[in-house]
């Protein structure tokens, strides 16, 4: 089924959420290509003030990000986590950006970013996530 047909089958609210989420993810990805992480977090913190999106659930935001990441080039775990943190904050949900690392024989040091809200992983769930060593929270602007 084509992308246009799938979009047409969504409700107007879901299409709007998906469009906004894709824009947030695209802007975050682009910003990470051009700016240091601390600057990107500061910009997202300013833009992520609570808004009319307060009705969105964590599940709807996670769904929208899972779809949007398929159409945004290089939307790896970090841009997804940063966009999720901003979208959750805008919707009035707590959001904790986590970054962890693991040493593997094949790839050396591997990092992963995810977002938790109320103790649950919203974005970035991995089967072997418990094996990752969590890094301390990032200094600077918190979204």
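The values are calculated or read from the model by the stated rules, or taken from the named source; none is laboratory data. Since the model is a prediction, treat every value here as computed from it, not as a measurement. Cβ atoms come from the backbone with ideal geometry, glycine included; neighbour counts cover every protein chain shown.
Numerical summary
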| read-out | value |
| --- | --- |
| Counted residues, the range 76-95 - those being outside any helix (DSSP H, G or I) and either free of Cβ contacts under 8 Å to residues at least 40 places away in the same chain or under 9 Å from the mean Cα position of the chain (by Cα) (or both) | 3 |
| Filter pass, residue 124 being buried (at least 20 other Cβ atoms within 10 Å of the Cβ), farther than 23 Å from residue 49 by Cβ and either out of contact with any strand residue (DSSP E or B) (no Cβ under 9 Å at 6 or more places or on another chain) or touching a residue at least 12 places away in the same chain (Cβ under 8 Å) (or both) | yes |
| Selection within the range 55-73 - touching a helix residue (DSSP H, G or I) at 6+ places or on another chain (Cβ under 8 Å), in a helix (DSSP H, G or I) and loosely packed, with under 15 Cβ neighbours inside 10 Å | none |
| Test result for residue 56, touching a strand residue (DSSP E or B) at 6+ places or on another chain (Cβ under 7 Å), within 18 Å of residue 25 (Cα to Cα) and in contact (Cβ under 8 Å) with a residue 24 or more places away in the chain | no |
| Scope the range 31-54; condition in contact with a helix residue (DSSP H, G or I) (Cβ under 9 Å, 6 or more places away or on another chain), surrounded by 12 or more Cβ atoms within 10 Å (Cβ to Cβ) and part of a helix (DSSP H, G or I); matching residues | 31, 32, 37, 39, 40, 41, 43, 44, 45, 47, 53 |
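Conditions tested, residue by residue: (1) within 16 Å of residue 137 (Cβ to Cβ); (2) modelled with pLDDT under 95.
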residue	(1), (2)
44	yes, yes
51	no, yes
57	no, yes
74	no, yes
93	no, yes
100	yes, no
